[in-house]
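Shown next, in structure tokens, is the structure this report addresses.
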Amino acid sequence: MEAKTKDLWVFVETNEDGTAKNVGIELLTPGKMMAGKQGGALVAVVIGSNVDAAVKAASEHGADKVIVVDGPEYAHYTTDAYTIALCTLVEKYGPTSMLIGATNNGRDLGPRVSCRLHTGLTADCTALDVDEESGNVAWTRPAFGGNLMATILCPDHRPQIGTVRPGVFKKSDAGEAKAEIIKEDIHVDAADIRTQVLELIKEADGENVDLEGAEIIVSGGRGVGGPEGFEPVKALADALGATVGASRAAVDAGWIAHAHQVGQTGKTVGPKLYIACGISGAIQHVAGMSGSDCIVAINKDPEAPIFDIADYGVVGNLFEVLPVLTEEVKKARA
Amino acid sequence: MNMLVCVKQVPDTTEIKIDPVKNTLIREGVPSIVNPFDGYALEAAARIKDKDPSAKIVVLSMGPEQAKAALKECLAIAADKAYLVSDRAFGGSDTLATSYIISETIKKVEELEGKFDVIFCGKQAIDGDTAQVGPEIAEHLNYPQVTYGLEAEVDGDVIKVKKEVEEGVEVIAAKMPAVVTFTKPAWDPRYPTIKRKMAANRAEIPTLTAADLPTIDLTHAGLKGSPTKVKKTFVPQKKTGGVKIKEETAEDSAKKLFQLLSDASII
Amino acid sequence: MNFHFTPDEQDVLDMLHDFCVKEVAPIAAEIDETERFPEETWHKLAEMGMMGVAYPEEYGGAGLSYVNYIGVCEELAKHCATTSVMVSAHSSLCCWPIAEYGTEEQKQKYLTKLASGEWLGAFGLTEPGAGTDAAMQKTVAEDKGDHWVLNGSKIFITNAGFANVFVVFAMTDKSLGTKGISAFIVEKDFPGFKVGAHEKKMGIRGSSTCELVFEDCIVPKENLLGELNKGFKVAMTTLDGGRIGIGAQALGIAQAAIDDTVKYTKERVQFGKRISQFQNTQFQLADMQAKVDAARLLIYRAAQAKQDHEPYSHLAAMGKLYASEAASDVTRRCLQLVGGYGYTREYPFERYMRDAKITEIYEGTSEVQRMVISGWMGVK
């Protein structure tokens, strides 16, 4: 399809309580820059049920306009309802580009929408810009497990769509909420929603492993040596109010659940502080955490590749370093 | 129960190294494997077949002739039949074009193998990591989809999928025919058996080409049919290492680390 | 002369290699440390069809070549010697005599379950007073008309704690010496049979090595294996084949030691150089690899001869003698190259050395092999 405007859209995914997921708000930051370069407005698209909080957040963080689709059928994410709503909006307004957070739902929705609109989608981007020659969005993403970066263009189809990893961009400071709010009433028949959520089984230990939203992550790898080796890792995480992560080696060994896995086959994270304990730094792990603001590595092998990307690297035995560090943190916070 | 599993042959990205001088990927000598997530999809199908031995598992791959090795691997593990779709006209396809070709191929394979109740895919391939082809196949075929599946169970005309979500696991029911993409479950996929391996070595795997797909519109395939274009590729800049801390004792190192982190207001 | 596996044979070994990397190697140190029998590995290998590689499909096997089976023993030993001997004691020492000497009924009843890996097998010949001198059997079997009654004990029996079926030897006519020994198939649940104390060993520590005790053990008449009083031949021919498997085990251990040493010496820096850059390291490793390859040729020559139904007793003896002594020598020298780290249990080198030693002892000591070889040479 043809673009009807030069507007850039950011799909703001919502939580079930009507608040915005972090990534949607984060994407308003590069969205603002790109919309500026493309000469259009920055539009946030909020779909959900009772989403006033998300609309307000989008407005406060730089959206020029917010398009809202609010209805009970969107309370829980379904591929069918969200695809219908988003495609209806795109067809009506014709934006030139659209950013979607690369969450589980974003990665479910993006390809469905781009395929229905017959346009290009670039997944899991870690850098965004506008190509100076052509004015197209330059989507940059890792491939081959992070060994290679590719910059992708979508020259002839609109909108250009990309999913962007959470944690890559930072939220702007909240300002005055002055966006124009546009309410769209799109109703989806129950019969058109072909999947149904039967139940939600929470994590067995009652713990919500929200690595993508975590500010601090303390991760353990092969070097922790066993399930009990995660104890000092967890102790430090508790002291810091951090979430526990793990490398694939530790997960594959069965020492900790897959939900904790950071890396190519696990979660992509971008906390303020990432503490890697006994993790060698295989490229597949690094691909999932290199967007962290500050990386600390604790490893007894001075040659471990993790030290190449660490801001602070401690060469030493994690079982000796972590308890002391935990005590220091506790003392400072007492 | 008639199941199709879509698989891709990929380079084992854990074996890929960077040429330190030219700063490019060294692809020589990197083994080709079945995309691990597709292996989980095959295992999910095999588990359905364990309960219902009359079920059939067909595997389909798009790629060059060498990709038959991946299909043979699937036959050795659990699949009953395998098809390859391959044509020069398909070269350079992006995900949209690829999913279109595969969905057209599925229609052809269904003429030979009967209509599929479910189409299983890996959530993504470890070379491209796009996670797009599965949902796009679902869209082309106008089927419901469930992504991030861990395991699947058939219940009448519905497939019940345990799906990984941020909060835990959701159980989702989708009316069949449906597309399900799979992520890594808590268990390991089964190993091939000697008997199946020997049979796979002797199996004939048909290659379908564009000529075998009567309804395909080739303007939607290959490089020309792909909306996305690769402008450039590059090896990411290695971040240079930061401060190395190695004091006399581990205790001193830990204290120094704490000091540095607090001085920088990180904690 | 053909020094290659067929493509099918190579596929089986590649499949096994992948399995070993994921399932066998990661637990090798743990089962050694804790002396735990890797029961789960047995069942997984059974699923794949690896517990009866060379037996016909109609008896539950995979129907592949004997050479392929020997390759399986070698590959397993590269990752874990305990696992290799679990398979070779089962396959060479229990499945084989039943396949070779068993009646059709015995094969249907036992071989099908053994070769498929549903059951695990073991072999009981050695006694406290009858090691290399196997003729000094004290275990007796009395003919009670419709059944046999066994009394006595066996020691150092591989797989004993987990085996379902044992091929055991007992005197049926004491006056005849070795010509009065017979072989029997004993199930673990036969009345009067029990598995005794577990041995604590230097190496292959995960292997279940126990005593077997027979106290008025009742064995059905039809469980006589082979002809009455022809058991000594059953034992000796079984061990001839077993030796090829043990030789392959020695090869695997030695090759693993070399491979790990090569890797280590390319990483370890001393005097400002990787230690692989020192000529001593290079020459030592070259000698070791040449030795292991020579042993490999002997082992596979024996395996091929057995597969071709040619005389192989002396070939098996030469192969096992050379391979087991090579393994002991190579693992010791590899540890020396690695140095202090090699002596720690953080690395596998000391385990390789301990595991290698047994290959010079079981299924015929090196001295027995020399007896077999010199006897074949006619040196009297």
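The values are calculated or read from the model by the stated rules, or taken from the named source; none is laboratory data. The structure displayed is predicted, hence computed values, not measured ones. Cβ atoms come from the backbone with ideal geometry, glycine included; neighbour counts cover every protein chain shown. Just so you know, the surface numbers come from the protein's heavy atoms only, side chains and all, with ligands and any DNA or RNA stripped out. Shrake-Rupley method; radii C 1.70, N 1.55, O 1.52, S 1.80 Å.
Annotations
- Using θ = phi - 60° and Karplus 6.51 cos²θ - 1.76 cosθ + 1.60, couplings along the stretch B:140-148 (whole Hz; Gly, Pro as x): 4, 8, 6, 10, x, 9, 10, 9, 6
- Compactness index (Cα Rg / 2.2 N^0.38 Å), the stretch C:7-115: 1.06
- Sparsely packed chymotrypsin sites (Phe, Trp or Tyr not before Pro) within the stretch C:1-80, loop by DSSP, other Cβ within 10 Å at most 15: C:F3
- A simple spin-label model places pseudo-atoms 7 Å from Cα toward Cβ; at C:Y343 and B:A186 they are separated by 4.5 nm.
- Of the residues A:T103, A:S114, C:F278, the one whose Cα sits farthest towards the positive end of the charge dipole of the protein assembly as shown is C:F278 (charges of +1 on Lys and Arg Cβ, -1 on Asp and Glu Cβ, taken about the Cα centre).
- The stretch C:78-193 - share of DSSP beta bridges that are antiparallel (%, nearest 5): 70 percent
- Global geometry of the stretch A:55-132, whether rounded, prolate or oblate, following the gyration tensor of its Cα atoms and the 1.5 cut on a/c: rounded
- In terms of its Cα atoms, the stretch C:121-232 spans 41, 29, 21 Å along the principal axes, sorted from long to short.
- Within the assembled protein chains, the solvent-accessible surface assigned to B:H220 is about 60 Å², based on a 1.4 Å probe.
- Cα gyration tensor shape for the stretch B:2-220, rounded if a/c is under 1.5, else prolate or oblate: rounded
- Fraction of the pair-distance distribution of chain C above 28 Å, Cα-Cα pairs, percent: 43 percent
- Highest average packing first - A:172-178, C:156-162, B:12-18, Cβ atoms within 10 Å: C:156-162, B:12-18, A:172-178
- Per-residue shielding of A:105-113, expressed as the average number of other chain Cβ atoms within 10 Å of the residue Cβ, stands at 6.
- The stretch A:8-192, accessible area per residue, ligands and nucleic acids excluded (1.4 Å, Å²): 33 Å²
- Average beta-carbon neighbours from other chains, 10 Å sphere, peptide A:119-126: 5
- Percent RCO, i.e. relative contact order, over chain C, from Cα pairs under 8 Å lying at least 6 residues apart: 16 percent
- Debye, to nearest 20: dipole size of the stretch A:95-177, +1 on Lys, Arg Cβ, -1 on Asp, Glu Cβ: 420 debye
- Chain B packed on chain A takes about 7200 Å² of accessible surface away from a 1.4 Å probe, both sides summed.
- Looking at the stretch C:68-132, the GluC sites (Glu not before Pro) that sit in a DSSP loop and have at most 14 other Cβ atoms within 10 Å of their own Cβ are C:E118.
- Cross-link partners of C:K113 among lysines, defined as those whose alpha carbon lies under 17 angstrom from its own and excluding same-chain residues fewer than eight positions apart: B:K195, C:K44, C:K188.
- Coil-residue GluC sites (Glu not before Pro) of the stretch B:149-236, DSSP, other Cβ within 10 Å capped at 11: B:E204
- Cβ-based charge dipole, the stretch C:7-115, positive-most Cα from C:V53, C:L93, C:L64: C:L93
- Rh by Kirkwood over Cα pairs, then Stokes-Einstein D for the stretch A:8-192 at 0.692 mPa s and 37 °C, µm²/s: 203 µm²/s
- Listed peptides B:58-71, A:101-114 by packing density, highest first (mean Cβ within 10 Å): A:101-114, B:58-71
- In units of the rule-of-thumb radius 2.2 N^0.38 Å, the stretch B:176-224 shows an alpha carbon radius of gyration of 1.85.
- Per-residue extension of 0.36 nm, minus the Cα-Cα distance of A:M33 and A:A191, leaves a gain of 52.8 nm for this segment.
- Of all DSSP beta bridges in the protein assembly as shown, antiparallel share, percent nearest 5: 45 percent
- Viscosity 1.306 mPa s, temperature 10 °C, Stokes-Einstein D of chain A from Kirkwood C-alpha radius, µm²/s: 76 µm²/s
- Phi angles across the stretch C:53-70 convert, under the Karplus curve 6.51 cos²θ - 1.76 cosθ + 1.60 with θ = phi - 60°, into 3J(HN,Hα) values of 3, 9, 9, x, 4, 5, 10, x, x, 9, x, 9, 7, 5, 4, 5, 4, 5 Hz, Gly and Pro given as x.
- Computed extension length for C:K221-C:T178: 13.4 nm, one decimal, from 0.36 nm per residue of separation with the Cα-Cα distance subtracted.
- Calculated SAXS-style log₁₀ I(q)/I(0) at q = 0.04, 0.05, 0.06, 0.07 Å⁻¹ - the protein assembly as shown, Debye, Cα scatterers: -0.24, -0.37, -0.53, -0.70
- Whether the stretch A:216-333 is rounded, prolate or oblate, judged on the alpha carbon gyration tensor where a/c under 1.5 counts as rounded: rounded
- Placing one equal scatterer on every Cα of the stretch B:108-267 and applying the Debye formula, the log10 ratio I(q)/I(0) at q = 0.10, 0.13, 0.18 Å⁻¹ is -0.69, -0.93, -1.28.
- Efficiency of FRET between C:F278 and A:D238 - r from beta-carbon atoms, R0 51 angstrom, step 0.05: 0.55
- Taking the stretch B:1-59 and dividing mean pair separation by its residue count, relative contact order in percent (alpha carbons under 8 Å, at least six apart): 49 percent
- For B:A178, the shell of other residues with beta-carbons less than 14 Å away shows a net charge of -1, using +1 for Lys and Arg and -1 for Asp and Glu.
- Relative contact order, whole percent, for the stretch B:2-220 stands at 25, derived from Cα pairs under 8 Å and 6 or more residues apart.
- Assuming charge only on the beta carbon of Lys and Arg (+1) and of Asp and Glu (-1), the dipole of the stretch C:235-377 about its Cα centre is about 440 debye to the nearest 20.
- Cβ-derived FRET efficiency at R0 35 Å, A:D293 paired with C:D259, nearest 0.05: 0.25
- DSSP assigns beta bridges within the stretch B:2-220; of those with both partners inside it, close to 45 percent run antiparallel.
- Modelled spin labels at A:D131 and B:D52, positioned 7 Å past Cα toward Cβ, are 4.7 nm from each other.
- Counting only Cβ charges, +1 for Lys and Arg and -1 for Asp and Glu, the dipole size of the stretch C:305-380 around its Cα centre is about 160 debye.
- Per-residue mean of C-beta atoms belonging to partner chains within 10 Å, peptide A:294-300: 4
- Note that the stretch C:139-151 has calculated 3J(HN,Hα) couplings of 5, 10, 10, 9, 7, 9, x, 9, 7, 9, 10, 9, 9 Hz, one per residue in order, obtained from phi through the Karplus relation 6.51 cos²θ - 1.76 cosθ + 1.60 (θ = phi - 60°); glycine and proline are x.
- Taking label points 7 Å from Cα along the Cα-to-Cβ direction, C:D287 and B:K115 give a separation of 7.5 nm.
- Which of A:I283, A:I47 is most accessible, then next, and so on - probe 1.4 Å: A:I283, A:I47
- For B:I266 and A:S172, the FRET efficiency from 1/(1 + (r/R0)^6), where r spans their Cβ atoms and R0 equals 22 Å, is about 0.55.
- In terms of overall dimensions, the C-alpha atoms belonging to the stretch C:229-347 reach 66, 26, 15 Å along their principal axes, ordered largest to smallest.
- Summarising the amide proton neighbourhood of A:V45: residues at separation of 5 or more, or on other chains, whose placed amide H is nearer than 5 Å comprise A:V10, A:F11, A:V12, A:I67.
- Summed residue charge, Cβ within 12 Å of B:D129's Cβ, Lys/Arg positive, Asp/Glu negative: +3
- Net charge contributed by nearby residues that have their C-beta within less than 14 Å of A:D64 (K/R +1, D/E -1): 0
- Inter-centroid distance (Cα atoms) of the stretch B:188-253 relative to the stretch A:199-272, Å: 26 Å
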